[in-house]
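Only the coordinates and a few stated rules stand behind these numbers; no lab work does. Fair warning: this is a prediction, and the values are worked out from it, not measured in the lab. No Cβ is skipped: glycine too gets one built from the backbone with ideal geometry, and neighbour counts run over all protein chains shown.
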Amino acid sequence: MVRLRFAPSPTGKLHLGNVRTAVFNWLYARKHNGKFILRIEDTDLARSEERYVEAIKKDLEWLGLHWDEIYFQSQRFDIYREYARKLVEMGRAYYCTCTREEIEARQKNNPNVKFGIKYDRHCRGNTLEPKDKNYVIRFDIGEFDYVEFEDKVKGRVVVPFSDLDDLVIIKGDGSPTYNFAVVIDDHLMGITHVIRGEDHLTNTAKQILIYKALGFDIPVFAHLPLILNKNKSPLSKREGSINIEYYRKQGYIPEGIINYLARLGWSHGDQEIFTIEELINLFDIEDLNKSNAVFDDQKMLWVNSEHIKMLSPEKFLKYYKIFLEENELGETLSDEFIVNAFEVYKTRINTLWDFYNSTRIYTTDDVDVDPSFEVEKMIDDAVKKSFRDLIDSLDDIIFKPHEEGESILRSIPERYGIKLKQFGPPLRIVLTNSKVSPGLVDVIKLLGKEKVVKRISKYL
Ligand code: GLU
């Protein structure tokens, strides 16, 4: 059984980089009918916040990245301390009472210290728990030339001894460090594959030393290349605007975000648009890209528009209601109307905001036509006659099948000796206050007789 986990720290909202990691783990778990575990890494009690836990859960649920099990590291401190004591008993960890000042003073006074700012192992072998002094527990990494492991993306990774240190595993306040808790949890939770950002590559070497000391099986590792901005700076440096909540408010939909993020670091030929089912079937760790991915907001927008087109009316309605709520927008249009309008507009919008903005013309009886269109100049006597004829033909246009309505509309200007292009443009402006809109029959059907009559009559 394949078991994967997503392990965010609740010290902020999820951004695109976090979610890409979640997506790959989730896809792989689903592909192999395995389990996807959400592990909240809230060991840093000062920086972790409940509101971020809630935000993370909300984002994952909205995205459809449902988890099978959830754990909180803050509820597992006893377990980490027990394993730390075990390592002490085995002679692979020790109590350390050195203060930072003491360590630094020794480094300054000793020209032979090669460890840079690293710990000089002063307390190594200290297996008696100090009763009267504050202490941390350090892992004794031993002596070796390098740590070596196979990464599914990076290939063979070698981390030299000089990059490693007798790392703290339990801090002075009794909480575990990330590198320790992660090993204990990945082992106890039966994690088979770890997919995470390449910023954890050196940590992996430390973790492998702990796995080996405790005799645990080592999972498969896959470290994802960074996501860069177009100017090649790391994406994580751009604040604020790129968390998932922002995209939800901007009118992006889960399928669009997941598809776009999956392609940031993974590919399948030159296919760009994938349904979620296709991603589950096609995704493989072996196909993760080795080079950094570049974030392209215009491409993300396009991918989103492609997925909006593919939505079922029910799903569209569901996402649209969440969107309205998130933006605290009131909506007077009925569900039935929204679904009908979606069919007409879905090929013309990139985001739910586009849908919202485009459909405002249906919420009022009348529209204020922008004077800069100078529509009056376009409405001569023949056009007026056509408009009157249109009013008489509205029942047929609205209630007959679309094709028939279309030919009724087209036949109107002919009768008054004008071309369709003299009739259509002013009609469009009068009805929608815009030079672009869906087909006029669609607009007329959505507006309904009363609104059409009202908007035209002003000009007759
Ligand atoms: N809490 C860590 C992070 O957010 C998890 C890293 C990991 O997946 O091991 O970076």
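A compact table of results
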| read-out | value |
| --- | --- |
| Filter on Lys133/Lys206; Lys309/Lys435; Lys377/Lys458; Lys206/Lys290 - keep pairs with C-alpha separation over 18 Å | Lys133/Lys206; Lys309/Lys435; Lys206/Lys290 |
| Folded to 0 to 90 degrees: helix 381-399 orientation relative to the chain principal axis, Cα | 60 degrees |
| With eigenvalues of the C-alpha gyration tensor scaled by 5 and rooted, region 365-432, Å | 21, 15, 10 |
| Dipole moment magnitude, nearest 20 debye, the chain about Cα centre, only Lys, Arg, Asp, Glu C-beta charged | 700 debye |
| Semi-axis lengths, Å, region 170-294, gyration tensor of Cα atoms, sqrt of 5 times eigenvalues | 31, 20, 15 |
| Ranking of Met1, Met300 by count of other Cβ atoms within 10 Å, fewest first | Met1, Met300 |
| Cross-link table Lys13/Lys154; Lys152/Lys232; Lys421/Lys445, entries beyond 22 Å C-alpha to C-alpha | Lys13/Lys154; Lys152/Lys232 |
| Base-10 log of normalised Debye intensity for region 1-48 (one unit scatterer per alpha-carbon) at q = 0.17 Å⁻¹ | -0.52 |
| The chain: angle of helix 313-326 to the longest principal axis, Cα-based, in degrees nearest 10 | 70 degrees |
| Furthest towards positive pole of dipole, Leu460, Ile227, Gly439, structure part the chain, Cβ charges | Ile227 |
| Residue-averaged [θ]222 nm for the chain, counting only DSSP H segments that reach four residues, each worth -39500 (n - 2.57) | -14500 deg cm²/dmol |
| Radius ratio Rg over Rh of the chain, counting only Cα atoms, Kirkwood formula for Rh | 1.17 |
| Span per principal axis, largest first, for the Cα atoms of region 157-213 (Å) | 32, 29, 22 |
| Residue order, fewest to most beta carbons within 10 Å, for Val194, Val183 | Val194, Val183 |
| Footprinting exposure proxy for Phe323, Phe6 (fewest neighbouring C-beta atoms within 10 Å first) | Phe323, Phe6 |
| q = 0.11, 0.17 Å⁻¹, region 254-371: log10 I(q)/I(0) [Debye, one scatterer per Cα] | -0.46, -0.89 |
| Cysteines not pairable in the chain (beta carbon separation under 4.7 Å absent) | Cys98 |
| Reciprocal of mean inverse Cα separation for region 313-354 (Kirkwood radius, Å) | 10.6 Å |
